[in-house]
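The values are calculated or read from the model by the stated rules, or taken from the named source; none is laboratory data. Please read these numbers as outputs of a predicted model, since none were measured by experiment. Cβ: placed from backbone, ideal geometry, glycine included. Neighbour counts: every protein chain shown. Accessible surface areas use protein heavy atoms only, side chains included; no ligands, DNA or RNA. Shrake-Rupley method; radii C 1.70, N 1.55, O 1.52, S 1.80 Å.
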Amino acid sequence: MARAEYVQEALAGLDRTAGAGVDPALPLYATTFVVVDLETTGGAPDGGGITEIGAVKVRGGEELGVLATLVNPGVPIPPFITVLTGITQAMLVPAPPIEQVLPSFLEFIDDAVLVAHNAPYDVGFLKAACAKHGYRWPNPRVLDTAALARRVLTRDEVPNRKLGTLAAYFRTATQPTHRALDDAKATVDVLHGLIGRLGGHRVDTVGDAIEFARAVTPTQRRKRHLAEGLPKVPGVYIFRAADDRPLYVGTSGDIATRVRSYFTAGEKRARISEMLAAAERVEAVECAHSLEAEVRELRLIAAHAPPYNRRSKYPERMVWLKLTDEAYPRLSVVRDLAPADTAYLGPFRSKQAAELAAAGFHDAVPLRQCTHRLSRRTTMPACALAELGRCPAPCEHRIAPEEYDHLAATPFRTATTSDPQVVVDALLARIEVLARDQRYEEAAVVRSRLAAVLRATVRMQRLVGLTGIAELAAARRAAHGGWELALVRHGRLAGAGVSPPGVHPRLTLEAIRATAETVLPGHGPVPRASAEETERILSWLERAETRLVEISSGWASPVTGAGRFRDLLAKAENGGSHQLSTERS
């Protein structure tokens, strides 16, 4: 056969469901399949080597089209391939090369699920051919009949899963002959036979069939019913144990699809497998849009501390680094801020993170590190740091309180509220000296302290900009029309909703405002919400497509604030000390 034989019935009437985007919930009887088989010269897929393509398009048990052609591989055929398939070199000389066959084949498989026996082999050759000759592989959904047979048929029924064995078991109309079209037709009958066995496994959709063919655990298969009946909307899902205790909380723009993914072969996390074994039901909390879903997830995790969630638990364990209120102030790590505290930095996720930032300030400015409460009148013996020249020894009154405040305390206050330039310059200078002396390990330690200082100051100044606003309303175009609306008060999400298409969003916004949570101002950059919640809101507000609708006061950051050191922070976190020596202003 020297040219492509292309026959197709009722092309205009086929479903237009884009192969890679075929809805996984599509019933098997309504799914269009293209069953394909290749004959090759053997070896690894390198863009060539295909000698014959056979493909059959079917849906609902009805044959819709056939594509069959020999392909000139451009290389001699090994003798054992000729013996196996009956394809000779003389048969392939007049056949078209693969680059001429691919356009017709890619059109043929459009809008369909690709099926093959031992699919990785056939798909590998086809993808390599597309890559070599400049064609875009459409990335269709793929169903492997060999893998499906391993899941459906037992050893008592068939000794192996070879195509010939399965064809004999299902008594296919066409027997496989190691020719592409015959093998494809045999695979069609095998596919239909396997689909007939899937009903007993509660597999009714193409997505379920593809996942069923993969290696899922018995627990995933036994518990997959937990994903049934969930809404395909944005929101939060909660896996609950038999005693109704929350085990795991997650969020998604499509609850049903996300929960189903926990019961597929793609889910391989050991802790999630353990969680699924204990789960008895899944609860869905529908939300207006993705921002509300993310915030609700954070609040539920903080409230219940589910054992299988690793992040966002225990926000109350956040700590602060504050400047004490005394004659010679020092840095102290505290759990809570008092209304009288005016100089502080945070919040930090751990005491270790706060202490690392404190070490950065101690390297940059002469803040004392002892924990004694010093008096303006009486003195105390100096510690070793004073003898080493790393402390101005306020304990012995070697420095006046006013001078100490100017040299040590003021740079901390300035760095946290506006400009950390003095601290940054001092740390960069220290890194430069250490790097020049080839003391690279010590320079790396100072670099990590610089990163901790910048990370904390950038974060806090960013939070302060939003938490100081009494009320802010913002909107973003919804995917299916209308507007996603958010009402933020002092950095906390107070209300959310979506205005319907064709309806002025002002009406929905006023309804949200009337029922929104009352949020009172407090002390600190995150007084009424967790830092993570306010950061999620900031990320949503800072998107290019988000519009500010109303704001009760100005939203600003210091012109000379820590935000201008973002690039330096990235270098400090990811680069070597030698990269920082050129950053001094």
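For the chain, return all DSSP H helices satisfying: extent of Cα atoms along own axis at least 30 Å; mean Kyte-Doolittle hydropathy at least -0.5. Mind dumping the intermediate values first?
Working: long enough: 440-467 (40 Å, 0.36).
Qualifying helices: 440-467.
Hand me the GluC sites (Glu not before Pro) from region 532-576 located in a DSSP loop with no more than 13 other Cβ atoms within 10 Å, in residue order please. Please list the in-between numbers first.
Values: sites: GLU532, GLU533, GLU535, GLU542, GLU545, GLU550, GLU573; in loops: GLU542, GLU545.
Counting only loop positions with at most 13 other Cβ atoms within 10 Å, the GluC sites (Glu not before Pro) in region 532-576 are GLU542, GLU545.
Take MET318, MET275 and sort them by solvent-accessible surface of the protein heavy atoms, 1.4 Å probe, largest at the top.
Values: MET318 40, MET275 0 Å².
In descending accessible area the options line up as MET318, MET275.
Show which lysines lie in cross-link reach of LYS57 when reach means a straight Cα distance below 21 angstrom and same-chain residues fewer than eight apart are skipped.
Here the lysines satisfying the reach criterion relative to LYS57 are LYS127, LYS185.
Given a 1.4 Å probe and the protein chains all in place, what does the accessible area of ARG141 round to, in Å² to the nearest 10?
Ignoring ligands and nucleic acids, ARG141 comes out at about 70 Å².
At 1.4 Å probe size, with no ligands or nucleic acids counted, give the accessible surface of VAL549 in Å², nearest ten.
Counting only protein heavy atoms, VAL549 exposes about 70 Å² to solvent.
Give me the lysines in straight-line cross-link reach of LYS223: C-alpha distance below 24 Å, same-chain residues under 8 apart excluded.
Those lysines meeting the cut-off are LYS232, LYS268.
For the chain, what proportion of DSSP beta bridges, expressed in % and rounded to the nearest 5, is antiparallel? Please report the intermediate quantities before stating the final value.
Values: 58 of 65 bridges.
So the antiparallel bridges amount to about 90 percent of the total.
Could you point to the residue in LEU450, HIS397, ALA278 farthest towards the positive end of the chain's charge dipole, with +1 and -1 charges on the Cβ of Lys/Arg and Asp/Glu respectively?
HIS397
Please list, in order, the residues from region 356-394 whose amide nitrogen is less than 19 Å from a point placed 7 Å along the Cα→Cβ vector of ALA327.
Residues passing the 19 Å test: 367-383, 386, 391-394.
Straight-line reach only, C-alpha to C-alpha below 20 angstrom: list the lysines that LYS351 could link to, leaving out same-chain residues fewer than 8 apart.
LYS313, LYS322
Within region 111-259, what percent of beta bridges assigned by DSSP are antiparallel, to the nearest 5?
Values: 6 of 9 bridges.
Around 65 percent of the beta bridges assigned by DSSP in region 111-259 are antiparallel ones.
Given a 1.4 Å probe and the protein chains all in place, what does the accessible area of MET91 round to, in Å² to the nearest 10?
Probe radius 1.4 Å; accessible area of MET91 about 60 Å².
Rounded to the nearest percent, how much of the accessible area of the chain (1.4 Å probe, protein heavy atoms only) is carbon and sulfur? Can you show the working numbers first?
Details: 14250 of 27680 Å².
Here it works out to 51 percent.
Identify which of the listed values of P(r) over Cα pairs in 10 Å bins from 0, in percent was calculated from the structure shown: (i) 3, 14, 22, 22, 16, 10, 6, 4, 2, 1, 0, 0; (ii) 3, 13, 17, 16, 15, 14, 11, 7, 3, 1, 0; (iii) 4, 17, 28, 26, 15, 7, 3, 0, 0, 0.
Identified label for the calculated read-out: (ii).
Accessible area per residue for the chain in Å², computed with a 1.4 Å probe and the full protein assembly in place, what is it?
Normalised by residue count, the accessible surface of the chain is 47 Å².
Grab the Cα-Cα distance for ASP567 and GLU402, subtract it from 0.36 nm times how many residues apart they are, and report the gain in nm with one decimal. Can you show the working numbers first?
Working: separation 165, 0.36 × 165 = 59.40 nm, distance 3.48 nm.
Length difference between fully extended and current span is 55.9 nm.
Along the charge dipole of the chain, which of GLY554, ILE238, ALA435 sits closest to the positive end, that is, farthest toward it, with unit charges on the beta carbon of Lys, Arg, Asp and Glu (+1, +1, -1, -1)?
So the residue we want is ALA435.
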